[in-house]
Amino acid sequence: MPQTALIITVPEADPVVGGWRHRYDPSERDGVPAHVTVLYPFLDPDRVDEETIAALRDVFGAHDPFDLGFHRCARFPGMVYLAPEPDGPLRALTGAVAARWPEAPPYRGRFEDPVPHLTVTQDQDENVNQRVEADLSNRLPVLTRVESVQLVVRETEKWRGWDSFALGQRQPG
């Protein structure tokens, strides 16, 4: 089923988490780079038209670029992730998109307060997660500057980039 998502790519994390993600995060094998999700799923691809693209530019243009650090690992059940700090700007981006498109709540509304994160492992047992977390703890921090949000689409087995939206690029009017 075709789907879209809005993500912030974190290429600086690839040297640290890339090998673990390749082994233990199915989204990496599906073409998704190291990232923090802003909103998944977004709209069906057939609903993303020029008006939607313009609205995304406006939404993201109203938010300034920011620095983000990943200083520690954290866990969800069966999962290890890097915890972004500060997470307030990420939550603000998610909130702005969800407010503009209430029909597309984050994670289909499964979580009342979605936690921003950079996934490293999914659906793994405790032994794997302990090993991954021990390795990553010695290789952090990862630092990045967030200047844009990417719209990605999955129409077949793989995700691919569709468009990118600069932060802080307010539209006149």
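For R75, the criteria (1) closer than 19 Å to Q150 by Cβ; (2) touching a strand residue (DSSP E or B) at 6+ places or on another chain (Cβ under 9 Å); (3) of a type in the set (K, R) hold in every case but one, which is (1). Return the pair list, or none, for Cβ contacts closer than 7 Å from residues in the stretch 56-78 that are part of a strand (DSSP E or B) to residues that are open to solvent by 80 Å² or more (accessible area, probe 1.4 Å) and not aliphatic (A, V, I, L, M), at least 6 apart or on different chains. Filtered contacts from the stretch 56-78: D67/R145.
Entry remark, the stretch 8-27: residues being surrounded by fewer than 22 Cβ atoms within 10 Å (Cβ to Cβ) and touching a His at 6+ places or on another chain (Cβ under 8 Å) number 1 in total. Here is the figure for the stretch 126-166: residues that are open to solvent by less than 100 Å² (accessible area, probe 1.4 Å), under 18 Å from R21 (Cβ atoms) and without any contact (Cβ under 8 Å) to a residue 12 or more places away in the chain total 3. Residues in the stretch 1-44 that are in a loop (DSSP other than H, G, I, E, B) and either free of Cβ contacts under 8 Å to residues at least 40 places away in the same chain or within 16 Å of W101 (Cβ to Cβ) (or both): M1, P33, Y40, P41, F42, L43, D44. Of the listed requirements (1) open to solvent by 70 Å² or more (accessible area, probe 1.4 Å); (2) closer than 22 Å to P15 by Cβ, L118 misses just one: (1).
Per the listing Q122, Q130, Q150, Q171, the residue uniquely polar (S, T, N, Q) and at pLDDT below 95 is Q171.
Can P77 be described as touching a Phe, Trp or Tyr at 6+ places or on another chain (Cβ under 8 Å) and open to solvent by 60 Å² or more (accessible area, probe 1.4 Å)?
Criteria not met by P77.
Kindly evaluate V146 against the criterion of being aliphatic (A, V, I, L, M) and touching a helix residue (DSSP H, G or I) at 6+ places or on another chain (Cβ under 6 Å). Spelling it out, it is not the case that V146 is aliphatic (A, V, I, L, M) and touching a helix residue (DSSP H, G or I) at 6+ places or on another chain (Cβ under 6 Å). The numbered conditions (1) within 27 Å of A54 (Cα to Cα); (2) open to solvent by less than 50 Å² (accessible area, probe 1.4 Å); (3) over 15 Å from the mean Cα position of the chain (by Cα) are all true for Q169 except (2).
Among the residues examined, F70 qualifies as of a type outside the set (A, V, I, L, M) and either within 20 Å of V128 (Cβ to Cβ) or open to solvent by less than 10 Å² (accessible area, probe 1.4 Å) (or both).
Pairing each residue of the stretch 84-101 that is open to solvent by 50 Å² or more (accessible area, probe 1.4 Å) with any residue that is assigned to a helix (DSSP H, G or I), provided the two are 6+ apart or on different chains, yields C-beta distances under 7 Å for R100/A55; R100/V59.
The values are calculated or read from the model by the stated rules, or taken from the named source; none is laboratory data. Just so it is clear, the structure is predicted and the values come from calculations on it, not from any experiment. All Cβ positions, glycine included, derive from the backbone under ideal geometry; neighbour counts span all protein chains shown. With ligands, DNA and RNA removed, areas are computed over all heavy atoms of the protein, side chains included. Shrake-Rupley method; radii C 1.70, N 1.55, O 1.52, S 1.80 Å.
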